[in-house]
Amino acid sequence: MEATWKKHLRKETLPLPFCPGCGHGILLGAILRAIDASGIDIKDMLFVSGIGCAGWIPSPHIKADTMHVTHGRPIAFATGAKLFNPRLKVMVVSGDGDLASIGGNHLIHAARRDIDMVVVCANNEIYGMTGGQVSPTTGLGVKTTTTLAGNVEPPLDLCRLVEAAGASYVARSTVFHLEHLIGILKKALGHKGFSFIDALSPCPVQYGRRNLYASPAEQLKDLEKRCVPLEKARSMTQEVLKGRIVIGEFVCRGEH
Amino acid sequence: MSPKIKNPLPPGNYFFEGNQACAEAAIAAGCRFFAGYPISPSSEIMERLSWRLPEVGGVFIQMEDEIASISAVIGAVWAGARAMTATSGPGLSLMLENIGYAIITETPCVIVDVQRAGPSTGQATRPYDGDIMQVKWGSSGDYQVIALAPWSVQEVYDLTIRAFNLAELYRVPVFVMSDAALAHLREDCRIPEGVDIVGRTKAKGVPHFGTEGPVGVPPMASFGEEEGLIITGSTHDKSGYRKTQDPNIQKDLVDRLNEKVLSNAKEIIQTEEHFLKGAEIVVVAYGLVARAALAAVKEARLGGINVGLLRLKTLWPFPKEEIRALRARRIIVPELNRGQLVREVERVTKVEVVYVNRVDGEVMGPGEILEAIKKQ
Ligand SMILES: Cc1ncc(C[n+]2csc(CCOP(=O)(O)OP(=O)(O)O)c2C)c(N)n1
Ligand code: SF4
Ligand SMILES: [Mg+2]
């Protein structure tokens, strides 16, 4: 029997346009599973996405209202739609370049307003669609097409950014930790206020190859190695945590 | 036109500034969403709407910048709103990215451009016709917009209402081209009891981004109507699916985005004629400058000069037929810039065209236009 969450896909748009091994397809599946599990009627949902491979996660694949907008702006478009029709259940899905770089200001101010929407950052730590340039979340030393000798700029911790700005639900997971990811997505969907999920989603083609991962599977496994659950991280020193990714729920405030 | 809706403001004569008239016109036209960012000389529009919109059940938000403002407006329109933003040249420059998005997604919206002297920050409180070309060509690609140019506070009111109706009729962004002087000019403004409103065309289960014919305007659903809207700023087919490699879909879309406006130019364009019959010299003017031009024309006629005025209430689509029809020996185009719309005039007429310009941030008086008339 077909999994129930698959009914939310527009069959005529399949197969997905992502490269083999791309995390974005797994993330799409996680989002749909979370919606299915949360009992939300997908017809009440609006998905807004920006430009990049990540912008194609909802659009046009999800069978609901989808709005694929300009680079960096999905949160601003979503803000207008949500304010005018508060009955809409709004989810923004976009990339790290889109949400953290060109759209960084919108991210900060939506968090500050604590506007009721879920923002999912499909974070592959790279500009995937444009050919693998460095992004604001690329780690130190990582090779990209604009940092051939390794990135020298420290990455931005998006969870800490939106927490400081005022988001009332903030969590991080990865497509490797699928059940955990679905869990926090579900929680975010039930949360009233600004929910932010940093979802690490590897890009084997533009990131993996250049940084000597043997295969997409290797890259996924490395994600497991890099991640530390928040509970464990609390007892670790900053020194030990350097270069590691802390996953878990950072902020969970107010109504659920 | 669908039925008149009752004006929320009691009818009568009001002593309004241009910016106040604009805000009240938006409310009367059914605008229920405004997103903006403060900028002189437009800010009074958003300040007034910040309290007037909640009074009539609408939504106001001050966004983090102009990019976000126009984005929020477009998002709200697809959520079902009639929506507007207001800005000035520097803010318009930021909005251009998503004005392009509104054009390709055929999103009806109104953008009030209260122009000021540029380039860049320029003179924030001085009038200028600085954005005549920016609104037409500022975003990338080939497209048509509609731009209206009021010459009085009353017309700011009337044309703002018209802007909302044109936006719905053709599913395009419509600009109201005010300026720093008109924004703060205080005059009588007659508020009518009812206003003619064009509603959104709805149809269930039909494509929202294409029509059978090459010049049509498709119906438009809103989010939450179970239409499964697929909206994208990429080239798309009639149903909204991204189609970024098909030359025919690209061509058909670009052609229709242009032709749906151009083929209706007759309905959209409004001009006003003063003493044009048999005029040997014609002044072509728009906005506040046209008031100085009319005074100059009257003065010159008293002196026996056979001169008339063609006033353009619509700047885009450009009234080329109206200009081409002028049988004068000279056309004079006064503008508060180094010559922007005058180039369009030159493009469409064989008559010799004379420029009269003012770029010092002051309003144009009848004197300089009269002088030019006398020289011809
Ligand atoms: C205004 C603008 N600037 C640049 C681009 C080019 N561009 C397309 S996708 C992209 C990067 C997307 O990166 P990200 O958001 O991380 O998504 P990914 O492809 O990695 O999933 C850029 C810069 C654009 N489309 N628009
Ligand atoms: S380039 Fe990277 S992010 Fe884009 S589809 Fe391919 S693997 Fe995924
Ligand atoms: Mg990315």
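With 27 Å as the limit, write out which pairs from B:K136/B:K251; A:K192/A:K221; A:K7/A:K232 have Cα-Cα distances beyond it, or answer none.
Working: B:K136/B:K251 20 Å; A:K192/A:K221 34 Å; A:K7/A:K232 38 Å.
Checking Cα-Cα distances, A:K192/A:K221; A:K7/A:K232 exceed 27 Å.
Need one value for A:58-65: mean number of C-beta atoms belonging to other chains within 10 Å of its residues' C-beta atoms.
On the way: counts 0, 7, 10, 1, 2, 2, 6, 13.
Neighbouring Cβ atoms belonging to other protein chains average 5 per residue here.
Report the residue, chosen from B:Y143, B:Y128, B:Y157, that carries the largest GNM mean-square fluctuation when chain B is represented by alpha-carbon nodes joined by springs under 10 Å.
Sorting by GNM fluctuation, first place goes to B:Y143.
What average number of partner chain Cβ atoms lie no more than 10 Å from the Cβ of the residues making up B:74-85? All intermediate terms of the calculation are to be shown ahead of the outcome.
Numbers: counts 8, 19, 8, 3, 9, 15, 4, 5, 0, 2, 0, 0.
The mean count of partner-chain Cβ atoms within 10 Å per residue comes to 6.
Quick one: order A:C19, A:C159 by neighbouring beta-carbon count within 10 Å, fewest to most. Spell out each step's value before the answer.
Details: A:C19 16, A:C159 22.
So the ranking, lowest neighbour count to highest, is A:C19, A:C159.
Residues with amide H under 5 Å of A:T174's amide H, sequence separation 5 or more or different chain, H placed in the peptide plane at 1.01 Å from N; which?
Here A:L181, A:L200 satisfy the definition.
Can you give the mean number of other chain Cβ atoms that lie within 10 Å of the Cβ atoms in peptide B:65-71? Don't skip to the answer; put the middle values down first.
On the way: counts 4, 0, 8, 11, 2, 4, 15.
Mean inter-chain Cβ contacts per residue within 10 Å come to 6.
Over the protein assembly as shown, what is the percentage of antiparallel beta bridges among all DSSP beta bridges, to the nearest 5? Before the final figure, lay out each step's value.
Details: 25 of 91 bridges.
Antiparallel: roughly 25 percent of the beta bridges in the protein assembly as shown.
Under a plain spin-label model, where a point goes 7 Å from the Cα along Cα-to-Cβ, how far apart in nm are A:K11 and B:K251?
3.4 nm
So how far, in whole Å, is the C-alpha centre of segment A:206-253 from the one of segment B:67-114?
Cα centres, segment A:206-253 to segment B:67-114: 40 Å.
Using a Förster radius of 45 Å, what is the FRET efficiency between B:K6 and A:Q133 based on their Cβ-Cβ separation? Nearest 0.05, please.
Numbers: r = 56 Å, r/R0 = 1.24.
FRET efficiency, B:K6 to A:Q133: 0.20.
Classify segment B:172-270 as rounded, prolate or oblate, taking a ≥ b ≥ c as the square roots of the eigenvalues of its Cα gyration tensor: rounded when a/c is under 1.5, otherwise prolate if a/b is larger than b/c and oblate if not. List each step's numbers first, then the result.
Numbers: a/c = 2.34, a/b = 1.81, b/c = 1.29.
Judged from the Cα gyration tensor, segment B:172-270 comes out prolate (a/c at least 1.5, a/b above b/c).
I need the peptides A:120-132, B:187-199, B:37-49 ranked by packing, meaning the mean over residues of other C-beta atoms within 10 angstrom, with the highest value on top. List each step's numbers first, then the result.
Working: A:120-132: 25.0, B:187-199: 15.6, B:37-49: 21.6.
Most protected by this proxy first, the peptides run A:120-132, B:37-49, B:187-199.
Grab the beta carbon distance between B:E272 and B:S239, set R0 = 35 Å, and tell me the FRET efficiency rounded to 0.05.
After rounding to 0.05, the efficiency reads 0.25.
R0 = 56 Å: FRET efficiency of A:K43 with B:D360, Cβ-based, nearest 0.05?
On the way: r = 58 Å, r/R0 = 1.04.
For A:K43 and B:D360, the calculated efficiency is 0.45.
At 24 angstrom or more along the helix axis (alpha-carbon based) and mean Kyte-Doolittle of 0.0 or higher, what helices does chain B contain? Whole DSSP H runs only.
Working: long enough: B:153-170 (25 Å, 0.30).
Passing helices, by number: B:153-170.
Using the structure shown, select from B:K243/B:K320; B:K350/B:K374; B:K202/B:K313 the pairs with a Cα to Cα distance greater than 32 angstrom. Don't skip to the end; give the middle numbers.
Details: B:K243/B:K320 34 Å; B:K350/B:K374 21 Å; B:K202/B:K313 30 Å.
Long pairs (Cα-Cα over 32 Å): B:K243/B:K320.
Provide the packing ranking of B:102-110, B:88-96, B:323-331, i.e. peptides ordered by the mean count of other C-beta atoms within 10 Å per residue, highest first. Spell out each step's value before the answer.
Working: B:102-110: 24.4, B:88-96: 22.0, B:323-331: 16.4.
Packing order, densest peptide first, comes out as B:102-110, B:88-96, B:323-331.
How would segment B:97-173 be classified by its alpha-carbon gyration tensor: rounded, prolate or oblate, with rounded meaning a/c under 1.5 and the a/b versus b/c comparison settling the rest?
On the way: a/c = 2.60, a/b = 1.19, b/c = 2.18.
It comes out oblate by the Cα gyration axes.
What distance in nm lies between label points placed 7 Å from Cα along the C-beta direction at A:E179 and A:E231?
Distance between label points: 1.3 nm.
What fraction, in whole percent, of alpha-carbon pairs in segment B:270-374 exceed 16 Å separation? Don't jump to the answer; show the numbers that get you there.
Working: 2744 of 5460 pairs.
Pairs farther apart than 16 Å: 50 percent.
Under 1.5 on a/c is rounded, so check that first for chain B, then, if it is not, pick prolate when a/b is larger than b/c and oblate when it is not; a ≥ b ≥ c are the square roots of the alpha carbon gyration tensor eigenvalues. Mind dumping the intermediate values first?
Details: a/c = 1.84, a/b = 1.41, b/c = 1.30.
Prolate is the answer for chain B, as a/c is 1.5 or above and a/b outweighs b/c.
Top mean-square fluctuation among A:A76, A:A34, A:A217, Gaussian network model of chain A, C-alpha springs under 10 Å?
In the Gaussian network model the winner is A:A217.
Read phi for every residue in segment B:31-38 and hand back ³J(HN,Hα) as whole Hz from Karplus 6.51 cos²θ - 1.76 cosθ + 1.60, θ = phi - 60°, with x for Gly and Pro.
These are the phi-based 3J(HN,Hα) values: 5, 10, 8, 9, 10, x, 9, x Hz.
Nearest 500 deg cm²/dmol is fine: what mean residue ellipticity at 222 nm does the protein assembly as shown get from its DSSP H runs of n ≥ 4 alone, each adding -39,500 (n - 2.57), divided by its residue count?
Values: 21 runs with 216 residues, N = 632.
-10000 deg cm²/dmol, from helical runs alone.
By what distance, in whole Å, do the Cα atoms of the protein assembly as shown stretch along each of the three principal axes, largest value first?
Principal extents (Cα only, largest first): 92, 53, 46 Å.
Which cross-chain or sequence-distant (5 or more) residues have an amide H under 5 Å from the amide H of A:S135, H modelled 1.01 Å from N in plane?
A:Y127
Using modelled amide H (1.01 Å from N, peptide plane; none on Pro or chain starts), what sits under 5 Å from the amide H of B:Y14, excluding residues fewer than 5 places away?
Long-range HN contacts for B:Y14: B:C189, B:R190, B:I191.
Kindly work out what percent of the DSSP beta bridges joining two residues of segment B:270-374 are antiparallel, to the nearest 5. Don't skip to the end; give the middle numbers.
On the way: 4 of 18 bridges.
The antiparallel proportion sits near 20 percent.
Suppose each label sits 7 Å from its Cα in the direction of the beta carbon; what would the B:D188-A:R112 distance come out to in nanometres?
Distance between the two pseudo-spin positions: 4.6 nm.
Hey, any idea what the orientation-averaged projected area of the convex hull of chain A's Cα atoms comes to, in nm²?
Numbers: hull surface 52.9 nm².
It is 13.2 nm².
Read-outs: derived from the displayed coordinates by stated rules, not from any lab. Computed from a predicted structure; not experimentally measured. Neighbour counts are summed over all protein chains in view; Cβ atoms, including those assigned to glycine, are modelled from backbone coordinates with ideal geometry.
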